[in-house]
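Everything below concerns the one structure shown next.
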Amino acid sequence: MSYLSNRKRFIAACMLVAMLAVAAACGNQKESKADVYSDREIIKQLQEIKKPDYWPTEQWKNSTPEAQGMDSALLADVMKQVPGNNIHSLVLVRNGYIVAEGYNADASPDVAQDILSTTKSLTSALTGIAIDEGKLKGVNQKLSEVLPQSVANSPDKGALTIENLLTMTSGLKWDNEGERSSNEMFESSDWVKYILDQPLVGKMGKDFNYSNGNAHLMSAILQKAVNMPTAKYAEQKLFAPLGIRDTEWYADPQNIDIGAFSVHMKARDMAKIGFLYLHDGLWDKQQVLSAKWIEATLKKHDDQEFADGSLGSYGYFWWLKNIESKGTASRINMFYAAGSGGQRIYVLPKQNLIAVFTASTANSFVTESLLEKIVGTIGSDSPLPANAEGVNNLNTILTSFKTMKDK
């Protein structure tokens, strides 16, 4: 699909995540802390996840929270905090079953929503698939090999690697203040040229700077390597195996599908992406993503401090973090795909939990705050006693979301 002339719908694509990243870029934490994400632990947890008793290729199955070890009464209390936060949809999946799902007046299970910068995590997955298929040699492959004509006059930029792009350490200038660089890219007639015309101002492979340019450049590399549009490659290699349909993916003026944002997808299908990663790249009997790629994706690159003072890190276009479980003394490793305004795919392996949110909120951390409280409703890895009253109350609250509209 061609580039949309109304660029305003894209300007918001990185405002939230850029705000997180600005804090991250200037707040590297070197000391060892208990609240810092551990890639070793999360990879071990992924390896220990048991295979599901079904695959939601055609349809997710529903369950009461108690059947999946969650307290429906406590979960209902958390859901009461959703109204007023401009949440459009939420889908909670534990042990492969939807235990809670709700949509506001402008969203529904059957309508694809703009997932904004969550797109970057899809671009990451497709990069892994292309490497697994031998279309790309690996993350150490240089721009001089994959886009030789684009960097013919810039040998220093030719040394930039795929991993530099995936970890936001390309060193290329990208100004997130007021979305200056993104706006200039929108106005340019050639987005890839604009990105590569930016000067090198950071240490390649060292200095983190969140950039829509890095992700879009990755899509340009993908399209050339696989000899088809990124969106078509996604349909064949990622979406089809998972039963994901009715997506939209927009392109720049050169018909390069936008690698940084622009994908539209249903909330339940966002949960499928999380489910794929939760199961180490396996879907049914097909290894869609190699476990090796998942492991590389979730490896942290320096600890970062976010705008709210919490600590996290960044992998291959996925955010990595250790969060608090409200009501308990424990902390939990997770990874997530993030887009401006509250688009999220949270994956918590130890809890066998996926939480999907779509939203239009100015509060960068509202969904994470809700997630911490949701985790606090988990009482066991085994079923809890049935609670019909709690389930009815929860369903009433979730149904009432349809009356919600953005403030």
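Where a number appears in this text, it was derived from the coordinates with a stated rule and is not lab data. Keep in mind that what you see is a predicted model, and the values were worked out from it rather than measured. Cβ coordinates were reconstructed from backbone atoms using ideal geometry, including for glycine residues, and neighbour counts include every protein chain displayed.
Of note:
- Sparsely packed trypsin sites (Lys or Arg not before Pro) within region 51-96, loop by DSSP, other Cβ within 10 Å at most 16: Lys80
- Contact order normalised by residue count of the chain, Cα under 8 Å, 6+ apart, percent: 31 percent
- What the phi angles of region 96-105 give under the Karplus curve with 6.51, -1.76 and 1.60, with θ = phi - 60°, is a coupling list of x, 10, 6, 9, 7, 7, x, 9, 7, 5 Hz, glycine and proline written as x.
- The protection proxy used here, the mean number of other Cβ atoms lying within 10 Å of each residue, ranks peptides 66-72, 386-392, 38-44 as follows, highest first: 66-72, 38-44, 386-392.
- Solvent-free Debye calculation, one equal scatterer per alpha-carbon of region 30-113: log10 I(q)/I(0) at 0.13, 0.14, 0.26 Å⁻¹ equals -0.65, -0.74, -1.20.
- Size descriptor for region 294-350, Kirkwood hydrodynamic radius: 12.1 Å (Cα pairs only, one decimal).
- Couplings 3J(HN,Hα) of region 141-154, computed from phi: 5, 9, 4, 5, 8, 9, 9, x, 5, 6, 10, 4, 9, 9 Hz, in residue order, whole Hz [Karplus 6.51 cos²θ - 1.76 cosθ + 1.60, θ = phi - 60°; x for Gly and Pro].
- Pairs beyond 22 Å (Cα-Cα), from Lys299/Lys350; Lys44/Lys300; Lys157/Lys300; Lys173/Lys292; Lys61/Lys407: Lys157/Lys300; Lys173/Lys292; Lys61/Lys407
- Measuring max minus min along each principal axis, the C-alpha atoms of region 305-407 give extents of 42, 36, 22 Å (largest first).
- ³J(HN,Hα), Karplus 6.51/-1.76/1.60, whole Hz, each residue of region 252-264, x for Gly, Pro: 7, x, 8, 6, 8, 4, 5, x, 9, 6, 4, 6, 10
- Charge dipole of the chain about the Cα centre (unit charges at C-beta), most positive-ward option of Gly339, Ser144, Leu371: Ser144
- Inverse of mean 1/r across different Cα pairs in region 174-231, Kirkwood, Å: 12.4 Å
- The chain, dipole about Cα centre (Lys/Arg Cβ +1, Asp/Glu Cβ -1), debye to the nearest 20: 360 debye
- Stokes-Einstein diffusion coefficient of the chain, Kirkwood radius over Cα pairs, 20 °C, 1.002 mPa s, in µm²/s: 101 µm²/s
- Taking the Kirkwood radius as Rh and the Cα radius of gyration as Rg, region 60-165 has a ratio of Rg/Rh equal to 1.21.
- Other-chain or far-sequence residues with amide H under 5 Å of Ala251's (modelled H): Ser2, Tyr3, Leu4, Ile258
- Dividing the C-alpha radius of gyration of region 149-193 by 2.2 N^0.38 Å, with N its residue count, gives 1.28.
- Fluctuation leader among Val82, Val93, Val356 - the chain, Gaussian network, Cα springs under 10 angstrom: Val82
- Debye log10 I(q)/I(0) for region 248-330, one point scatterer per Cα, at q = 0.21, 0.22 Å⁻¹: -1.18, -1.18
- Per the Kirkwood formula applied to alpha carbons, region 171-277 shows a radius of gyration over Rh ratio, Rg over Rh, of 1.01.
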